[in-house]
Amino acid sequence: MKKWELVKQARRATFGLLILLALGCNIATTSRAAAPAPLLRIVHASSDAPAIDAYLNGQKVATAPQFAAVTPYTTVPAGNATIQALAAGAGPSGITFLSTTVDLREGSAYTLVAADRLAQMAPVLLDDTLGVASDGQARVRLVHVSPDAPPVADVAVVGGPIVARNLPFKGATSYLAVAPGTYAFEIRPAGTTQAVATTPALNLAADRSYSAFVMGQLGDNTFRAVIAEDNAASGGVAGVPSTGGGGMTAHTSAPLFLVLLSTWLTVGIYGRRMWNMVLTR
């Protein structure tokens, strides 16, 4: 075979391997984009606590929510993380009211509730469902974070049926499908019919998902129900920039690195063989 023919074959082989490299990069990048970052929001449910700042791995993710506030969802890095609630404005070295370690998964959404009284503030982490049903029903989840309501409660619709039995303090129901409308709920000691508290009326729209947080204390008249729609589009999503410090580094895709390395080695090995064949003819 003429040397010129070998040169053309070597060029074609090298060009094909370069296309493989480009496709490998594109496939790996697409794989990364398919898994969205976790979402996190904060609920301040401690009625005797001051405003708090929430930090994730040392970086602020919520600024000064007060009692009964629900923050918008914030995008956060996936993986193990430490979440802290500190006195608002005090900075990362300020008084820490609670600290917890959580595992945040890609494609998931979470609510972190700062629950109980200030002296024993504790986290309640909930997995949220952001998908919107299309069957004409509303979906609502009840979260019991009122420290002096019955420690184990039944929850009933005022003038209607019981919707949750034996709901413990810091517990949550599953999402309940109900007809759209306006509802108030009674909180009763488990197994009784005597209501100790009634929530304000809550408006539930069709094809929406909600969380209703029963919080505050009966003893200081802060008892209430706070409802939030579990939908990132309606609640807003705030971005958390990745930085080189505080553990908030960008998520790196291991498959992308492996594809690049494998393709680079393939190009090098086969490219060298082809050109050696040309030069020795």
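The values are calculated or read from the model by the stated rules, or taken from the named source; none is laboratory data. Since this is a predicted model, take the numbers as computed values, not measurements. Reconstructed Cβ throughout: ideal geometry from the backbone, glycine too, with neighbour counts over all protein chains shown. With ligands, DNA and RNA removed, areas are computed over all heavy atoms of the protein, side chains included. Shrake-Rupley method; radii C 1.70, N 1.55, O 1.52, S 1.80 Å.
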Discussion item. Taking the Cα of Gln137, stepping 7 Å toward and past its beta carbon, and measuring to each backbone N in region 175-204: which are under 12 Å?
Written reply: 175-180
Discussion item. Skipping prolines and chain starts, which residues have an amide H placed within reach, meaning under 5 Å, of the one on Ala109, given they are 5 or more residues away or on another chain?
Written reply: Leu39, Asp128
Discussion item. Give me the dipole magnitude in Debye, nearest 20, for region 85-239 about the Cα centre, with unit charges on the beta carbon: positive for Lys and Arg, negative for Asp and Glu.
Written reply: 220 debye
Worksheet item: For region 110-151, what is the charge dipole size about the Cα centre, in debye to the nearest 20, if Lys and Arg each add +1 at the Cβ and Asp and Glu each add -1 at the Cβ?
Response: 40 debye
Practice prompt. Subtract the Cα-Cα distance of Ala88 and Ala51 from 0.36 nm times their separation in residues, and report this length gain in nm to one decimal.
Written response: 12.8 nm
Fill in: Solvent-accessible surface (1.4 angstrom probe) belonging to Arg105, in square angstrom, nearest 10
110 Å²
Practice prompt. Measure off 7 Å from each Cα along the Cα-to-Cβ vector at Asp207 and Asn166, then give the distance between these two points in nanometres to one decimal.
Written response: 3.8 nm
Worksheet entry | Phi-based couplings in Hz for region 92-102 (Karplus 6.51, -1.76, 1.60; Gly and Pro marked x) | x, 8, x, 5, 9, 7, 8, 8, 8, 10, 10
Worksheet item: Applying the Karplus parametrisation 6.51 cos²θ - 1.76 cosθ + 1.60 with θ = phi - 60° to the phi angles of region 175-181, what ³J(HN,Hα) value in whole Hz is obtained for each residue in order, glycine and proline being reported as x?
Response: 6, 9, 7, 9, 5, x, x
Worksheet item: For region 47-143, what is the convex hull volume of the alpha-carbon atoms per residue, in Å³?
Response: 104 Å³
